[in-house]
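Notes follow once the structure below has been shown.
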Amino acid sequence: MATALSPALAEIRALLLDGDRLVRAVASGRMRNMSPPWRRVELRPVALKAGPHLQIVAYDERQAHTSNAGFGAAAAQAVDDLLALGMGNWHVETLDATLQVRITKKGEAMVSRTAATAPKDRALDHDRAKPRLLDPADPFWRAVGIADHEGRIKPTRQDKYRQVEEFIRALDAVLKGATFPDDQPLRVVDLGCGNAYLTFAAYRFLTHVRGLHVAFTGVDTKKQARERNSQLAATLGWDGLHFIEGTIAEAPVDGADIVLALHACDTATDDALGRAVAWGAKYVLAAPCCHHDLQKQLRAGEAPSAYGTLTRHGILRERFADMLTDALRASLMRQAGYRTEIIEFVPSEHTPRNTLLRAVKTGAKPDAQTVSEYQTLVKEWSVTPKLSTLLGLEAGF
């Protein structure tokens, strides 16, 4: 609900200085006409030899800056200085509740309070291992079946955990420095979500770590996936996360600011990229799975002169088709106005399907070289990528 800014900030201040109840807090974004020096600030209580302190970790674009202030006058001054910077979003967890505050362009505070559904633990140690973006002990990992009842990642789920963690890291990297409207939720869609490991992790990251107001939709063709995932979201109390049943190409989704797709099979990845372009999504992250479409086209056609040995052997043709498919996808996304890169997002021992297409919408027109290279490739290899058909760019721009 909307309230005046001053009492909302006073409530945040009181919670941050309550060393007996505070678990963790995150500040991000900015108020209108304010320019905080940090993109994100995290706070938590720590136990030092000198007594209880409030640890403040402030992140700029390159590194983290850590300071500790003793609870009392020092912590109060540090919190007052932080509140004066004009951060636009606050997420404060205590032992018994969670407070979320989003400050609108009008200078009002949109406040949400949620009671804790389970006891929370506090890690008060000062020297910790390099933190992951998402705590492996976070209860949602247990809910989705990645962790056991004691909060440990299951041995049989280590690869999936690593894939999701590194996908989130890639998402974090692409969002660095990004700003979002504070008068509407950030719309995120995970196309072909399946068991929704990534969906739940991305929602948790964006809301809990980034402190953003998010409307998240997971899409899958299976009714049982929708029912299971919806029940898990309800159990966790995540009312900004919803699941619908439908194909990637036709699911009833109005639009998205961020589109995710982890291992959508064959041309389903093209469907995901096509919908992202149609929606004008600002950020797109897709990790392709199998690439059968161009493999079939290569097998049925003639290779360019002097390249027959490249496609004569099945295993080489398969690997080449993988590379050709993703290279053409990247080119088409550039032609559609996206700055695009293809990276290895996780080591191959965790999954052989470890490439990630990451795109940011710029609206820039494609240069002549990009178009020429694309047209030459598809002509010489006699292939028609599914994405080109979806975008109406069979011959490029």
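Would you say Thr362 is open to solvent by 70 Å² or more (accessible area, probe 1.4 Å) and either under 22 Å from Arg275 (Cα atoms) or at pLDDT 90 or above (or both)?
It is true that Thr362 is open to solvent by 70 Å² or more (accessible area, probe 1.4 Å) and either under 22 Å from Arg275 (Cα atoms) or at pLDDT 90 or above (or both).
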Some residue of segment 336-347 being out of contact with any strand residue (DSSP E or B) (no Cβ under 8 Å at 6 or more places or on another chain), over 22 Å from Thr267 (Cα atoms) and either open to solvent by 20 Å² or more (accessible area, probe 1.4 Å) or assigned to a strand (DSSP E or B) (or both): yes
Among (1) closer than 28 Å to Glu108 by Cα; (2) of a type in the set (A, V, I, L, M, F, W, C); (3) at pLDDT below 95; (4) surrounded by 24 or more Cβ atoms within 10 Å (Cβ to Cβ) - the single one Cys193 does not satisfy: (1)
Single condition Lys105 does not satisfy, out of (1) surrounded by 17 or more Cβ atoms within 10 Å (Cβ to Cβ); (2) closer than 20 Å to Asp183 by Cα: (1)
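For every residue, the table says whether it meets (1) part of a loop (DSSP other than H, G, I, E, B); (2) at pLDDT below 80.
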site: Lys105; (1), (2): yes, no
site: Ser112; (1), (2): no, no
site: Arg122; (1), (2): yes, yes
site: Asp127; (1), (2): yes, yes
site: Arg132; (1), (2): yes, yes
site: Arg142; (1), (2): no, no
Segment 173-227: number of residues that are among the β-branched types (Val, Ile, Thr) and under 18 Å from Ala27 (Cα atoms): 4
Where a residue in segment 204-227 is free of Cβ contacts under 8 Å to residues at least 60 places away in the same chain and under 26 Å from Glu250 (Cα atoms) and its partner, wherever it lies, is among the charged types (D, E, K, R) and open to solvent by 40 Å² or more (accessible area, probe 1.4 Å), with Cβ under 6 Å and at least six apart: Ala215/Arg187; Lys223/Glu245; Arg226/Glu245
Among residues of segment 88-98, those that are hydrophobic (A, V, I, L, M, F, W, C) and open to solvent by 10 Å² or more (accessible area, probe 1.4 Å), counted: 2
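State whether the residues of segment 41-55 include one that is part of a loop (DSSP other than H, G, I, E, B) and under 29 Å from the mean Cα position of the chain (by Cα).
Within segment 41-55, not a single residue is part of a loop (DSSP other than H, G, I, E, B) and under 29 Å from the mean Cα position of the chain (by Cα).
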Scope segment 318-335; condition in contact with a helix residue (DSSP H, G or I) (Cβ under 9 Å, 6 or more places away or on another chain) and open to solvent by 40 Å² or more (accessible area, probe 1.4 Å); matching residues: Glu318, Ala327, Arg334
In segment 228-252, residue nearest to Pro385 (Cα to Cα) [restricted to those that are touching a residue at least 40 places away in the same chain (Cβ under 8 Å) and touching a Phe, Trp or Tyr at 6+ places or on another chain (Cβ under 8 Å)]: Leu241
Given (1) out of contact with any Phe, Trp or Tyr (no Cβ under 9 Å at 6 or more places or on another chain); (2) surrounded by fewer than 21 Cβ atoms within 10 Å (Cβ to Cβ); (3) free of Cβ contacts under 8 Å to residues at least 60 places away in the same chain, number of the condition Tyr307 does not satisfy: (1)
Residues of segment 146-176 that turn out to be open to solvent by less than 20 Å² (accessible area, probe 1.4 Å) and over 15 Å from the mean Cα position of the chain (by Cα), as a count: 3
Any strands (runs of 3 or more DSSP E) falling wholly within segment 213-281 and containing at least 3 residues that are open to solvent by less than 20 Å² (accessible area, probe 1.4 Å): 214-220, 258-262
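Every residue, every condition in (1) more than 21 Å from Asp172 (Cα to Cα); (2) aromatic (Phe, Trp, Tyr); (3) out of contact with any strand residue (DSSP E or B) (no Cβ under 7 Å at 6 or more places or on another chain), yes or no:
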residue	(1), (2), (3)
Arg13	yes, no, yes
Leu22	yes, no, no
Pro36	no, no, yes
His65	no, no, no
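The values are calculated or read from the model by the stated rules, or taken from the named source; none is laboratory data. All of these numbers come straight from a predicted model, not from anything done at the bench. Every residue, glycine as well, gets a Cβ built from its backbone with ideal geometry; the counts of neighbours run over all protein chains shown. Accessible surface is based on the protein model in full, side chains and every heavy atom, while ligands, DNA and RNA are left aside. Shrake-Rupley method; radii C 1.70, N 1.55, O 1.52, S 1.80 Å.
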